[in-house]
Amino acid sequence: MRDLTRLELVTEAVRAALEELAGTASHLLADLVDEEWGRRYGRPVRLGKNPTRPKTRILATGGDAVRLLEHVGEHGADRLSGPRVQALRQIMVQNYYRDGAGRLRWRTVEDGGLPPSAVAVVDALWLRISQQIVEVAYKLYGEAPKADSVRTLSLGLESADNLVGFRTKQERKRQEWGDAYVETGHVWTHENGEALHPDWISRRFTRLVELSGLPPVRLHDLRHLAATLSLLAGIDIKVVQEKLGHSSRQVTSDTYTSVLPEMMRAEAESVMAVVPRDIPFKVRTPPVIPESAWQGHIAVFFAHGAQQSGDTWAVGAQTQPDSDRLGMITLAGRGQTTPPTRP
């Protein structure tokens, strides 16, 4: 990974942790988040190819992350177990270190070193595939895959949360097994650390399918399912090609030709969907946003909608899932609306 991608990753990890805390323990952010943090982390980061002062940004973002984690540890240590906060902690360990003078430094191959791994979890949001498993007489060996198969995959937040949870459980098992724990360096293992054999995984999957009552499906079919769902979701076929490790876009196109007509229909609809248009709506309850909902320039709301009849929907907002509604409107049709801003 290039440093710029890692910088975007750390910035997004800080933003995700802030969003999690705003939803679960907003009081922890009262003395920490200010207008500057709102500008840095109030929206998804998208840096250009040549951002200004990248090294300064790297250290500033790392410093913010350290401040956030130390603040939470001091004032709400129980929130350190949140999946996104855990992800931020892992990302910080993998991308920063303290030098002899206690200064925060950015890890590189030459400076501090990067954590070694064959199939490495670069962090909780990215997965690096650089080795494949080969079976010979039921013994497993690792070897370099084809050049096109070496790739870095991005993970959704739900997948990242699951991964962080599994690594936490894995660390607990490592402590329980002590010296008997087998250090394989693999991400997915048995509870004693031994690597999962592909044959065991296949047999286990087949048994789970039988117990579920679903039609017979192979483990490899999940790869096709993921690719099909990605294409139907409107993901560019080039992105899907790189995710699958295909040698060319044409291979992906030929493999999933049955999906292309649906993609073409979706593309025609999406052109109209992105055109901004006003939506007539009726205010049933005027929204009143309490001052306590704002943390600097960041506020998190839970929106909920219910279809009343036909194309008519009722949409409301709450500061917490179980709190009183702040307001409600009814609207019909499709389009884009502008969310309320703080005066």
If you take the residues in the range 65-97 that are over 22 Å from Leu127 (Cα atoms) and buried (at least 20 other Cβ atoms within 10 Å of the Cβ), which one is modelled with the lowest pLDDT?
Val72
Can you tell me which of (1) assigned to a helix (DSSP H, G or I); (2) in contact with a strand residue (DSSP E or B) (Cβ under 9 Å, 6 or more places away or on another chain); (3) under 29 Å from Arg6 (Cβ atoms) is the one Asp199 doesn't meet?
(3)
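On the given criteria, is Thr24 at pLDDT 80 or above and either out of contact with any Ser or Thr (no Cβ under 8 Å at 6 or more places or on another chain) or of a type in the set (Ser, Thr, Tyr) (or both)?
Spelling it out, Thr24 is indeed at pLDDT 80 or above and either out of contact with any Ser or Thr (no Cβ under 8 Å at 6 or more places or on another chain) or of a type in the set (Ser, Thr, Tyr) (or both).
Would you confirm whether or not the range 328-340 contains a residue that is modelled with pLDDT of 75 or more, over 26 Å from the mean Cα position of the chain (by Cα) and either assigned to a loop (DSSP other than H, G, I, E, B) or under 24 Å from Gly42 (Cα atoms) (or both)?
No, the range 328-340 contains no residue that is modelled with pLDDT of 75 or more, over 26 Å from the mean Cα position of the chain (by Cα) and either assigned to a loop (DSSP other than H, G, I, E, B) or under 24 Å from Gly42 (Cα atoms) (or both).
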Residue, modelled with the lowest pLDDT, within the range 153-172, restricted to residues that are surrounded by 15 or more Cβ atoms within 10 Å (Cβ to Cβ) and either part of a helix (DSSP H, G or I) or polar (S, T, N, Q) (or both)
Leu157
Out of everything in the range 70-88 that is among the small types (Gly, Ala, Ser) and more than 15 Å from Leu29 (Cβ to Cβ), what residue ends up being farthest from the chain's Cα centre (by Cα)?
Ala77
List the helices (runs of 4 or more DSSP H) that sit entirely inside the range 222-324 and contain at least 2 residues that are within 26 Å of the chain's Cα centre (by Cα) and modelled with pLDDT of 80 or more.
237-244, 249-255
Exactly one of Trp177, Trp188, Trp126 is at pLDDT below 80 and hydrophobic (A, V, I, L, M, F, W, C), and that residue is Trp126
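The values are calculated or read from the model by the stated rules, or taken from the named source; none is laboratory data. Note that the structure is predicted; figures quoted are calculated from it, not measured. All Cβ positions, even for glycine, are placed from backbone atoms using ideal geometry, and neighbour counts span all protein chains on display.
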